[in-house]
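Everything on this sheet refers to the single structure shown next.
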Amino acid sequence: MPNENIETEALIIGAGPCGLFQVFELGLLGIESTVIDSLPSIGGQCTELYPDKPIYDIPGIPVCTGEELIENLSKQIEPFSPKLILGDEVIELERKDESFEIKTQKGKIISAKTVFIAGGVGSFQPRKIRVKGIEEHENKWLHYRVKDKDSFHGKKIIIAGGGDSALDWAIDYAESNEHIEQGGTVSLIHRRDEYRGAVSSVQSIKTLSESKRITLYENAKISGFDSSGENSFMLNIESDGSERSVEGDVLLVFYGLSPKLGPIAEWGLDITKKSITVNTETYQTNIPGVFAIGDISNYPGKKKLILSGFHEAALAAFAAKAIITPGKKVNLQYTTTSPLLKERLGVSEN
């Protein structure tokens, strides 16, 4: 099968909230874009880590979940019809005359005038449980993320971990009347008796444990398992020098995510501690035409907030416009008054 060749004015690496907003800011300036992400769906950390968790610090939105934020951003960029490449990864970037040639893992060749790295802190891989033979049951009864929380209702759920994701899901299922009414149970296994999650979440876990809605195993680790099929298992848990077996239907492991820069680290970028140094006037890297926004960018005073990434996307878009249309003045216009911007947004004048 021949390689697919794609030409674009802007290639955005990363389909998280900052990458999606970069599409919007570029679109307002008349720049068409292509977005690529190694994950099979858009959303980045919002989708992978906290789809149901409330976010309170998005300007103008008092509260929304990670999933709702991504849905709103997706709707916002619809007028610009970006090309989405999902489940694929950029492996090579090379300067060719006035553009960049980008090769992907699946054989696509992309020609782009500008490149925006919006990949969070790199591609995320879950830290996996180290128990001999257990990897064979991944996506059967062993899971590292919750894709459809309703599918686990009524089952014996065992959650391993002590951070926000582990605590949030344990609380969610333990407080779910639907889950409990269908005969479901919740157990939480943590290797210490101190937690990395929010104080309020820890208190909720303790309260739910006291009311018997959660069975809590602290200072404990999973040492082995026995499974005769795809739908149930027995876990061996070591705690305080003794071992017990716990029956389960679902094992959710939340040991955190391990970010990896991957091929980006080989592109000659100025990288310090897995972050890319940028000029805060343009958010351009040391490679002209390559920008970095969101958590992966680094500069004095950097704050890893989604709203900071939105600001970075706006300034980077204006800098990219100057590269794509050299010598042409880029005027600042407002969506409230500009007929051109309203036309690009598909908004009719009344």
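Tabulated data
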quantity: From 265, 292, residue being at pLDDT below 90, more than 30 Å from residue 195 (Cβ to Cβ), hydrophobic (A, V, I, L, M, F, W, C) and not assigned by TED's automatic domain parsing to the domain that holds residue 151; calculated: 265
quantity: Residue within the stretch 78-91 that is of a type in the set (Ser, Thr, Tyr), crowded, with 18+ Cβ neighbours inside 10 Å and over 19 Å from residue 286 (Cβ atoms) present; calculated: no
quantity: Filter result for residue 110 (in a strand (DSSP E or B), aliphatic (A, V, I, L, M) and assigned by TED's automatic domain parsing to the domain that holds residue 274); calculated: yes
quantity: Of the criteria (1) of a type in the set (Phe, Trp, Tyr); (2) modelled with pLDDT of 95 or more; (3) under 21 Å from residue 267 (Cα atoms), which one residue 124 fails; calculated: (2)
quantity: Candidate set: the stretch 134-163, residues that are free of Cβ contacts under 8 Å to residues at least 40 places away in the same chain and touching a Phe, Trp or Tyr at 6+ places or on another chain (Cβ under 9 Å); chosen: the one farthest from residue 199 (Cα to Cα); calculated: 138
quantity: Residues that are under 21 Å from the mean Cα position of the chain (by Cα) and not hydroxyl-bearing (Ser, Thr, Tyr), drawn from the stretch 272-284; calculated: 273, 274, 276
quantity: Residue 35 in contact with a strand residue (DSSP E or B) (Cβ under 7 Å, 6 or more places away or on another chain), modelled with pLDDT of 95 or more, in a helix (DSSP H, G or I) and of a type in the set (Val, Ile, Thr); calculated: no
quantity: Within the stretch 126-172, considering residues that are among the aliphatic types (A, V, I, L, M) and part of a loop (DSSP other than H, G, I, E, B), the one farthest from the chain's Cα centre (by Cα); calculated: 131
quantity: Test result for residue 326, closer than 23 Å to residue 261 by Cα and without any contact (Cβ under 8 Å) to a residue 60 or more places away in the chain; calculated: no
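The values are calculated or read from the model by the stated rules, or taken from the named source; none is laboratory data. None of the values given here were measured: they were computed from a predicted structure. Positions of Cβ are backbone-derived with ideal geometry, glycine not excepted, and every protein chain shown enters the neighbour counts.
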